[in-house]
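The values are calculated or read from the model by the stated rules, or taken from the named source; none is laboratory data. Every value quoted in this text rests on a predicted model; they were computed, and no experiment measured them. Note: ideal-geometry Cβ built from the backbone for every residue, glycine included; neighbour counts use all protein chains shown.
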Amino acid sequence: MDTNGFGDLKAVCVNGTPLAYREAGAGEPVVFVHGGISDLRTWSGQVAGLSDGYRCIAYSRRFARPNPDIEPGQDDQLIPHSDDLAAFLTALGAAPAHLVGNSWGGFVCLYTAIRHPDVVRSLVLEEPPVVSLVIGPRNRPHPGTTLGNLVRHPARTATVLRFGARTMAPVQKAFRRGDEDAALRTFTRGVLGAGVADRITPARRTQMRENASALRAQMLGAGFPPLDPAQVRAVRVPALLVSGELSPKMMSAMTEYLAELLPVVERVRIPGGSHLMHEDRPDAVNAAIREFLRRAA
């Protein structure tokens, strides 16, 4: 396929859409799922670093480069990405797999463990933004869910509401007025922290710009999917929650909540890591993944 500078990739069609992927190594399958404004390139350090002991597969989710872009006006909901992942694993003969997901990709992995438990062997989740556990689904707080959590977990809920007011709402406004640069700038500073966002590399900025249209569709469309604490408590596979030392408070708050809910869970904090910890500190993240997979096996 034409990879437009991505190198030698393969592709498989699932649920009516082609998904590009890169594979290396042999052994138990470990599948990497990127977050928003990213694609399979974000996992280059993990595919190279872990393929000596595992079958490492990094793919680009639908609408992420080099896959076809999202059509104008189309929504980008999370549930189809979960169904894509399950079909992708089956098509490649990689089920059940150890799933490693960053941010929105971590949410996809968690949802896949809930909807398609037979294809998941374990979970490594880098700060999935499971805000619908706190304020309800979509991109606006649900009054009943939000008020209930303000009573039970006031600090956590306030953190999520501040993130919505300071990051989500300004990003939505910027996209609505057609200012993509402002939307990306605000989003990046909100999820990475201002200091980290100001230091990202030109290659990372390019990856963000090339994948901005799906973020726009998500922000102006369905947003966060429904998620109930009972669904998370029902996940039985081992899970490793990975957080970055430099990540914003909202990301830490969501990780702490997941740690309370998941039945079989471990945690690790990456020194000097941001929300993109696997890019910032690939060796530390690889070591944490390798040790977790050794125990999970």
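Things to note:
- Residue list for region 269-294, restricted to those being under 17 Å from Arg204 (Cβ atoms) and surrounded by fewer than 17 Cβ atoms within 10 Å (Cβ to Cβ): Gly272
- Restricting region 13-56 to residues that are of a type in the set (Val, Ile, Thr) and out of contact with any strand residue (DSSP E or B) (no Cβ under 6 Å at 6 or more places or on another chain), the residue that is surrounded by the fewest Cβ atoms within 10 Å (Cβ to Cβ): Thr17
- Test: residue in region 208-222 that is surrounded by 13 or more Cβ atoms within 10 Å (Cβ to Cβ), part of a loop (DSSP other than H, G, I, E, B) and modelled with pLDDT of 95 or more: yes
- Test: residue in region 103-118 that is without any contact (Cβ under 8 Å) to a residue 40 or more places away in the chain, surrounded by fewer than 19 Cβ atoms within 10 Å (Cβ to Cβ), out of contact with any helix residue (DSSP H, G or I) (no Cβ under 7 Å at 6 or more places or on another chain) and at positive phi: no
- Filter result (within 18 Å of Ile135 (Cα to Cα) and among the polar types (S, T, N, Q)) within region 188-237: Gln218, Gln231
- Residues satisfying the stated conditions in region 233-247, i.e. under 16 Å from the mean Cα position of the chain (by Cα) and outside any loop (DSSP other than H, G, I, E, B): Ala239, Leu240, Leu241, Val242, Ser243, Gly244
- Which numbered condition Glu266 misses (of (1) outside any helix (DSSP H, G or I); (2) acidic (Asp, Glu); (3) buried (at least 19 other Cβ atoms within 10 Å of the Cβ)): (3)
- Residue under evaluation Leu133, criteria (1) assigned to a helix (DSSP H, G or I); (2) more than 27 Å from Trp43 (Cβ to Cβ); (3) of a type outside the set (Ser, Thr, Tyr), criterion not met: (2)
- Count of region 68-89 residues which are crowded, with 21+ Cβ neighbours inside 10 Å and not in a helix (DSSP H, G or I): 1
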